[in-house]
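The values are calculated or read from the model by the stated rules, or taken from the named source; none is laboratory data. All values derive from a computational prediction rather than experimental measurement. Every residue, glycine as well, gets a Cβ built from its backbone with ideal geometry; the counts of neighbours run over all protein chains shown.
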Amino acid sequence: MDLGRKVLLLRENRLLRVLPPEEIDRVAGTSPELIVPAGQFIFLTGEPARNIYVLKEGVVVLSRLSQDGKEKEVSRIYAGDLFGELLLAPGLQTRKCQAQAVDDCLICLLTLTDAVAMMMRFPALAVEMLKRMAEKVIESQDEVQRLSFQSTETRVAEALLSLAQSCSGEEQEVSIRVTHESLARMVGASRETVTGILGKLRRQGAINFNYGTVSFNPSFLRARFAAPA
């Protein structure tokens, strides 16, 4: 990729955009890039944690494995965001989750040393990193609440709405690429349970789906599962 395109993508990153232009230019010129085909793992649980990853293009899924091999999706990372930042935690030597490319991905690699040096030189970057980590804590607390108090059907609906929001901010018919298995990992349920729920929602006219694609109107689905006042 040419340098101008690299600079443009870095300036669109939600954290790095607080850096001055000359620092963006430096990162673009010195940080290596990684091209990851769809389906390939970027890192696995237990691997040494050495880099922070800036996602320029594509979608990445972070997930954890239970002792019996069950997979639970932790987060989805979209272009303009970063992941792997937990290596900033003191004493973290290995990855606690695995990262897999959903689409073909273009990633910029930052070493821990470089990331820390930039945050020390540019406090605004450190503040943005703290905001991001606070958001992650809130998301984790919300996930615990969902798993504890919400039905699986409601969790499936909220997962679909979350995916739709990431794809389109418009309140209109959307089609998202997601498999039943991926949804099951997102909501902490079996694939068979999720398939049954999707079938029920289709019979009720709330959604429609073919293999790998679910279509629905976000406003209609949100209204159907709105909590009572």
If the Cβ limit is 6 Å and pairs must be 6+ apart or interchain, which residue in region 173-186 that is free of Cβ contacts under 8 Å to residues at least 24 places away in the same chain pairs with which residue that is of a type outside the set (S, T, N, Q)?
His180/Arg191; His180/Val194; Glu181/Arg191; Ala184/Arg191; Ala184/Val194
Within region 102-153, residues being farther than 28 Å from Asp25 by Cβ and aliphatic (A, V, I, L, M) number 6
Determine the pairs where a residue that is more than 21 Å from Ala184 (Cβ to Cβ) and in a strand (DSSP E or B), located within region 205-229, has a partner that is among the acidic types (Asp, Glu) and at pLDDT below 90 with Cβ atoms under 9 Å apart, the partner being 6 or more residues away or on another chain.
none
Of those in region 85-112 that are in contact with a strand residue (DSSP E or B) (Cβ under 6 Å, 6 or more places away or on another chain) and among the charged types (D, E, K, R), the residue nearest to Lys131 (Cα to Cα) is Glu85
Checking the structure you have, find out if any residue of region 130-150 is part of a helix (DSSP H, G or I), touching a helix residue (DSSP H, G or I) at 6+ places or on another chain (Cβ under 8 Å), under 23 Å from Arg64 (Cα atoms) and at pLDDT 90 or above.
no
Restricting the search to region 17-46, which residues are closer than 16 Å to Leu109 by Cβ and of a type in the set (Asp, Glu)?
Glu33
Could you list, in sequence order, all residues of region 92-122 that are in contact with a Ser or Thr (Cβ under 8 Å, 6 or more places away or on another chain) and part of a helix (DSSP H, G or I)?
Asp114
When the residues of region 97-127 are narrowed to those that are more than 16 Å from Leu55 (Cα to Cα) and of a type outside the set (A, V, I, L, M, F, W, C), which ends up surrounded by the fewest Cβ atoms within 10 Å (Cβ to Cβ)?
Thr113
Would you please name the residue that is modelled with the lowest pLDDT, looking only at residues in region 153-184 that are closer than 16 Å to Val60 by Cα and among the hydroxyl-bearing types (Ser, Thr, Tyr)?
Ser166
